[in-house]
Amino acid sequence: MELMTHSSTFLLPTVPDGHRPSLTYALVLLNQRLPRFTPLLWEHAKLRLCADGGANRLYDEFPLFFPHEHASDVRNRYKPDVIKCDMDSIRTEVLDFYTSMGTKIVDESHDQDTTDLHKCVAYIRDFTPNLANSNFSTIRIVLLSEDCLIHLLPKTHQHEIHIQSSVEGPHCGLIPIGMPYGKTTTSGLEWDLSKYAQCI
């Protein structure tokens, strides 16, 4: 089974030479409070998307990261590449502002069968040529909030997770998403699993 390595070094403000991850990533802002790491993630992302009401969060909350600057200067500097939305959460003045700034608006109001996050991940997959023929299990997805970091671990791989204790921990959990998982073995945790039986 192929090994997939995960690390949160991308959350460190300074990373020693030779240890900075070479991953190219896209950043998706959801309609949730933005974590304090957002400006750092924004700086290194190659593609920046807002999922519907995530654009409201960008507009309202990004200026709070820069309290000594005028809010309009911050908003003009941090413009998303794409807003993908079904138009049920984004405010009209926010949509108009980013449209005038040249942000690509993708109206998905016809599709009510998938979530905003799913729509954004599909856009990233289609936008990236080497991922266009891939399924979601080959795309590395990290969900981040102010107090939670989630690595989605496809069952097609064996996983190695490197912890940055200065920005995460001390607790972790394994949660099956969407389907039961089979036998699971862990090492390096305080209470390791050894071929744990199938759980839902």
Where trypsin sites (Lys or Arg not before Pro) fall in DSSP loop in region 36-67, at most 13 other Cβ within 10 Å: 36, 46
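Looking at the square roots a ≥ b ≥ c of the eigenvalues of the Cα gyration tensor of region 2-162, which shape do they give, rounded for a/c under 1.5, prolate if a/b is larger than b/c, or oblate? Walk me through the intermediate numbers first.
Working: a/c = 2.03, a/b = 1.24, b/c = 1.63.
It comes out oblate by the Cα gyration axes.
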Computed E for residue 148/residue 89 - FRET, C-beta separation, R0 22 angstrom, nearest 0.05: 0.55
Extended-chain gain in nm, criterion 0.36 nm per residue less alpha-carbon gap, residue 100 and residue 71: 8.8 nm
Rounded accessible area per residue of region 2-162, 1.4 Å, Å²: 57 Å²
Spin-label point model (7 Å from Cα, Cβ direction): what's the residue 32 to residue 168 distance in nm? 1.4 nm
Given a Förster distance of 41 angstrom, what is the FRET efficiency for residue 155 paired with residue 40, based on the Cβ-Cβ distance and rounded to 0.05? 0.85
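Around residue 94, with a cut-off of 11 angstrom between Cβ atoms, what is the net charge of the other residues, counting Lys and Arg +1 and Asp and Glu -1?
Value of the local net charge: -1.
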Stretched out fully, how many nm does the piece from residue 187 to residue 9 gain, at 0.36 nm a residue minus the Cα gap? 62.0 nm
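The values are calculated or read from the model by the stated rules, or taken from the named source; none is laboratory data. Note that the structure is a prediction, hence the values are computed from the model and not measured. Here Cβ is always computed from backbone atoms with ideal geometry, including for glycine, and neighbour counts include all displayed protein chains. Quick note on the areas: whole protein, heavy atoms, side chains included, nothing else; ligands and nucleic acids left out. Shrake-Rupley method; radii C 1.70, N 1.55, O 1.52, S 1.80 Å.
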